[in-house]
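Trainee: Here you go, one structure.
The values are calculated or read from the model by the stated rules, or taken from the named source; none is laboratory data. Since we're looking at a predicted model, the values are computed, not measured. Please note: Cβ atoms are built from the backbone with ideal geometry, for glycine as well, and neighbour counts cover all protein chains shown. Only protein heavy atoms, including side chains, enter the accessible area calculation; ligands, DNA and RNA are left aside. Shrake-Rupley method; radii C 1.70, N 1.55, O 1.52, S 1.80 Å.
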Amino acid sequence: MTLAARYLSARTLDTAPALSAPPGAGEVELAPAYVGICGTDLHIFHGDMDARVAAPAVLGHEMSGRVVRVGPGVEGWQPGDAVTVMPLRWDGSCPACRKGHQHICQHLDFIGIDSPGAMQQRWTVPASTLVRLPGSVPLDRAALVEPTAVAVHDVGRAGVRDGERVVVVGGGPVGVLI
């Protein structure tokens, strides 16, 4: 039996047994080692996202861990591989996806918000969401890959060049990383 930390309602969490089925076709079972608590997770905890999040909900999209098992048809991954997850799953068929704008998929599944996240002892995700971690990155630091990627993406989109000055509004973790 594995356990999960679950959001039940505003300011209420519990731990409970989690369903742990073998990974299906194209899926990988992970053992999360570290899970970050994002600002979005705090909004959920305070009850601000109850219209979107179906309780009980297992949160957590900033994580690092290791592959435990691979499902049928999964290639390139094996037990013990250190990974993090790109927590977005799109349908590939809506108008936005067909135009190459998967980030605004009309049926976007933000894993860890819209579907179960990493705050559990075993977590099954699509193999397509895995990101391999270099051996030189410790798992405790690797849990910061997702928010760091958001910050790098934001700076890239802004087109900031060496020597330019910018103002970052918001001193949360992503703002600090920017």
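Trainee: Of all the residues that make up the stretch 109-156, how many are in a helix (DSSP H, G or I), crowded, with 18+ Cβ neighbours inside 10 Å and charged (D, E, K, R)?
Mentor: Of the residues in that region, 1 qualify.
Trainee: Also, quick follow-up: Would you point out which residue out of VAL174, VAL74 is of a type in the set (Val, Ile, Thr), assigned to a loop (DSSP other than H, G, I, E, B), touching an Asp or Glu at 6+ places or on another chain (Cβ under 8 Å) and touching a residue at least 24 places away in the same chain (Cβ under 8 Å)?
Mentor: Answer to the check: VAL74.
Trainee: Looking only at the stretch 74-91, decide whether some residue is touching a helix residue (DSSP H, G or I) at 6+ places or on another chain (Cβ under 7 Å), within 17 Å of PRO116 (Cα to Cα), open to solvent by 50 Å² or more (accessible area, probe 1.4 Å) and not charged (D, E, K, R).
Mentor: So far as the stretch 74-91 goes, yes, one or more of its residues are touching a helix residue (DSSP H, G or I) at 6+ places or on another chain (Cβ under 7 Å), within 17 Å of PRO116 (Cα to Cα), open to solvent by 50 Å² or more (accessible area, probe 1.4 Å) and not charged (D, E, K, R).
Trainee: State the number of residues belonging to the stretch 1-47 that are in contact with a Ser or Thr (Cβ under 8 Å, 6 or more places away or on another chain) and polar (S, T, N, Q).
Mentor: The total comes to 2.
Trainee: For the stretch 81-102, does any single residue satisfy the condition of being more than 20 Å from VAL35 (Cα to Cα) and touching an Asp or Glu at 6+ places or on another chain (Cβ under 7 Å)?
Mentor: Looking through the stretch 81-102, at least one residue is more than 20 Å from VAL35 (Cα to Cα) and touching an Asp or Glu at 6+ places or on another chain (Cβ under 7 Å).
Trainee: Within the bounds of the stretch 15-24, is there any residue that is touching a Phe, Trp or Tyr at 6+ places or on another chain (Cβ under 8 Å) and not polar (S, T, N, Q)?
Mentor: No: the stretch 15-24 contains no residue that is touching a Phe, Trp or Tyr at 6+ places or on another chain (Cβ under 8 Å) and not polar (S, T, N, Q).
Trainee: Next question, about the same structure. As an exercise: evaluate HIS61 against (1) farther than 23 Å from GLY172 by Cβ; (2) under 15 Å from the mean Cα position of the chain (by Cα); (3) in a loop (DSSP other than H, G, I, E, B) and give the number of the one condition it does not meet.
Mentor: All conditions are met except number (1).
Trainee: Can you tell me which of (1) open to solvent by less than 80 Å² (accessible area, probe 1.4 Å); (2) in a helix (DSSP H, G or I) is the one HIS103 doesn't meet?
Mentor: Unmet condition: (1).
Trainee: Just give me the residues in the stretch 1-45 being at pLDDT below 95, assigned to a strand (DSSP E or B) and not hydroxyl-bearing (Ser, Thr, Tyr), in sequence order.
Mentor: The answer is ALA18, and nothing else.
Trainee: Among the listed residues VAL53, VAL68, which satisfies the condition of being in a loop (DSSP other than H, G, I, E, B) and touching an Asp or Glu at 6+ places or on another chain (Cβ under 9 Å)?
Mentor: Just a single option satisfies the conditions, and that option is VAL53.
Trainee: Tell me which residues, restricted to the stretch 3-17, are aliphatic (A, V, I, L, M) and more than 18 Å from the chain's Cα centre (by Cα).
Mentor: The answer is LEU3, LEU8, ALA10, LEU13, ALA16.
Trainee: Now, a different point. Kindly indicate which of ARG66, ARG98 is open to solvent by 20 Å² or more (accessible area, probe 1.4 Å), in contact (Cβ under 8 Å) with a residue 12 or more places away in the chain and at negative phi.
Mentor: On inspection, the qualifying residue turns out to be ARG66.
Trainee: Check ALA21, ALA10, ALA54 and return the single one that is out of contact with any Pro (no Cβ under 7 Å at 6 or more places or on another chain), over 23 Å from LEU139 (Cα atoms), without any contact (Cβ under 8 Å) to a residue 12 or more places away in the chain and among the small types (Gly, Ala, Ser).
Mentor: Sole residue among the options that is out of contact with any Pro (no Cβ under 7 Å at 6 or more places or on another chain), over 23 Å from LEU139 (Cα atoms), without any contact (Cβ under 8 Å) to a residue 12 or more places away in the chain and among the small types (Gly, Ala, Ser): ALA54.
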